1. Rounded if a/c is under 1.5, else prolate if a/b beats b/c, else oblate: with a ≥ b ≥ c from the C-alpha gyration tensor eigenvalues square-rooted, which is the chain?
2. Near ALA93, within a Cβ-to-Cβ distance under 12 Å, what is the net charge of the other residues, with Lys and Arg +1 and Asp and Glu -1?
3. Count of lysine pairs in the range 3-230 with Cα atoms under 27 Å apart, counting only pairs 8 or more residues apart in sequence or on different chains?
4. If each residue's Cβ is checked for other Cβ atoms within 10 Å, how do ASP114, ASP64 rank with the fewest at the top?
5. Just grab the label-to-label distance for ALA10 and GLU153, each label 7 Å out from Cα along the Cβ direction, in nm (one decimal).
6. Indicate the gyration tensor shape class of the range 87-221 (rounded, prolate or oblate), computed on the Cα atoms with a ≥ b ≥ c the square roots of the eigenvalues: a/c under 1.5 is rounded; otherwise a/b larger than b/c is prolate and the rest oblate.
7. Quick one: work out Rg over Rh on the C-alpha atoms of the range 32-116, Rh as Kirkwood radius.
8. Given R₀ = 30 Å, what would the calculated FRET efficiency be for LEU82 paired with ASP198, taking r from the Cβ atoms and rounding to 0.05?
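What follows is calculated from the coordinates using simple rules that are stated; it is not laboratory data. Everything quoted here is computed from the prediction, not taken from an experiment. Glycine gets a Cβ as well: all are built from the backbone with ideal geometry, and neighbour counts include every protein chain shown.
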Amino acid sequence: MTEQIRRVLAGKKALIVGVANDQSIAYGCARAFREAITGPLDVAVPGQLEAVFGQIADRWGQLDMLVHSIAFVPMADLQGGLLDWSAEGFATAMDISCHSFIRMARLAAPVMKDVGSMFAMSHYGANRLVPNYNVMGSENAALEASCRYLAYELGPRRIRVHAISPGPLKTRAASGLKDFELLLNEAARKAPLGEFVDITDVGYTCAYLATPFAHRVTGGTVYVDGGVSIVA
């Protein structure tokens with residue numbers, strides 16, 4: 001991140017959700033935003049999300065940025081195809097991976113008092129078939145659609161919403177995907193830039209989009225993948 005972007009973001013308040021470890025995408029975003037406050041959160045537990053935003057209102061008074069980087073699919077559904085996806089697994093995956101972002105947006109909007117930026121992490125498999133990505137592709141597609149509609153609803157309040165689509169990354173979540181190493185190697189082969197993407201690349205992109213330099217950008221899916229998404 002350039003020093004100019006650092007100065008623009010100085011004093012801003014960001015909530016980064018999904019920091020599982022120092023290899024997670026959310027960690028890269030937190031490092032870019034210089035986020036310092038941490039705490040546990042399970043969006044599946046009623047009241048925990050509301051408690052977090054209550055703390056934000058009490059301690060900060062406002063919020064400038066929100067990063068949603070959480071996803072979950074029960075292992076039994078993750079290993080199978082779309083035809084094998086159980087109703088219970090579907091409901092759980094969509095609630096945690098997609099609807100939790102909508103719930104966060106609803107709670108964040110009132111404390112984004114001047115301008116605000118919201119980010120949700122997606123994947124190329126939301127729009128194109130990626131072998132073995134299966135149920136994750138469906139939930140990511142729902143998440144990206146939600147970003148578009150939230151951008152429309154929140155635009156009059158000067159809140160911008162972005163779906164961020166990184167290339168394959170070696171995160172704990174990705175390790176559960178079948179043949180993930182094959183996906184990773186294929187992405188590196190196809191990428192016009194010829195390089196793997198890392199969590200810092202994703203963090204820098206979000207940091208830029210959160211600044212006034214990108215104040216007319218909203219509602220779209222931003223690919224941070226070395227150009228993989230443009231190659232058939």
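1. oblate
2. -4
3. Here the count comes out as 5.
4. ASP114, ASP64
5. Reported label-point gap for ALA10 and GLU153 is 3.7 nm.
6. Oblate, because a/c is 1.5 or more while a/b does not exceed b/c.
7. Rg/Rh for the range 32-116 comes to 1.06.
8. With R0 = 30 Å, the Cβ-Cβ based efficiency is 0.50.
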